[in-house]
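Worksheet: one structure, shown below.
The values are calculated or read from the model by the stated rules, or taken from the named source; none is laboratory data. On a predicted model such as this, the values are computed, not experimentally measured, just so you know. A quick note on method: Cβ atoms are made from the backbone with ideal geometry, for glycine too, and the neighbour counts reach across all protein chains shown. All accessible areas refer to the heavy atoms of the entire protein, side chains included, with ligands and DNA or RNA removed. Shrake-Rupley method; radii C 1.70, N 1.55, O 1.52, S 1.80 Å.
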Amino acid sequence: MTFSATDCAFEGFRLTRRAPLAVLLWAAAYAVFFGLLFLLVGPHFVTILSLISQMEGQTEPPLEAMEPLMQAYGVIIAWAAPLGLLFGAVVSTAIARAVIQPDSRQFGYLRLGKDELRVLGASLIVSLAMFGVAFAGFTVVSLLAALAMAAPALWLGVVLLSLALIALAAWLSVRLSLVVPATFAEGRITLKPAFAMTGKRAFWPLLGMAIIAWVLAMLVGLLGSAVAAPLSLMVGGAERLVGMEGASVPRLLSALGPMLAVSLVVNALMTAAQVAIMYAPFSAAYLQIKGAAPRA
């Protein structure tokens, strides 16, 4: 069954109007998540900012300066990747639930149960598939670029292969875009059925819908940044973190408490709104393609 790409693209706005309290609860959840991450990796984030600031203007930073930078990135990724996947699964499921089961409003559609674990498993599989494609493609492009250093004619192949890799990644992203709503709605991890639903006549409308939703989310982000700019000027921006390399979390909170609090609230609100705008359309598209109505 076909669906209306433009109608589905605005599902996130309808969701925020229909369930504003849920979006606020998602923002509160994001605030907790961001706060927890700062407690875990805040000093490493400050290290990255300080080192990047020190490297500005250097065409070839010394290797000894890159080592602590890579270590800080490693620690952040080690914490953020698993926590982000789990938290992302909870929020993604909440958004799917808000569209597919709009009457299940308890706790702002947030849960932590079998549905979230299934979505976590499905998200992990999709992430690994996308990573595998990106890694394999990057490896091939890098090898071809290395050969092109000796044979300049191969640079055309590097450009064409890079474009092909981008097209493949976009194609795969669209084909797997209904995995989360399908997994939630059907109560099982559904990769093959979700993949089949996005073929034929649904692919291009889904791609157009995704582009519209992304543009709308970016516009909301820009608007939020403009509104938050005066607050950031009042309490200071992230540049105040530069020069505090090695500071402990209590010292950072003591010195930069107001700035961190404003940044936390603003980012939590904007992220919750943007995620709803970007993710809700896919659940709406799933319902239309499936020919189903929202359930109680």
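Miscellaneous remarks
- Test: residue in the stretch 126-135 that is more than 28 Å from Gly84 (Cβ to Cβ), part of a helix (DSSP H, G or I), free of Cβ contacts under 8 Å to residues at least 60 places away in the same chain and of a type in the set (Phe, Trp, Tyr): no
- Thr93 in contact (Cβ under 8 Å) with a residue 60 or more places away in the chain and in contact with an Asp or Glu (Cβ under 9 Å, 6 or more places away or on another chain): yes
- Flag if Leu25 is touching a helix residue (DSSP H, G or I) at 6+ places or on another chain (Cβ under 9 Å), part of a helix (DSSP H, G or I) and at pLDDT below 95: no
- Hits in the stretch 267-282 (condition: of a type in the set (A, V, I, L, M) and open to solvent by 30 Å² or more (accessible area, probe 1.4 Å)): Leu269, Met270, Met278
- If you go through the stretch 171-223 and pick out every residue that is open to solvent by 60 Å² or more (accessible area, probe 1.4 Å) and either over 16 Å from Gly291 (Cβ atoms) or free of Cβ contacts under 8 Å to residues at least 12 places away in the same chain (or both), you end up with 15.
- Test: residue in the stretch 141-150 that is small (Gly, Ala, Ser) and within 19 Å of the chain's Cα centre (by Cα): no
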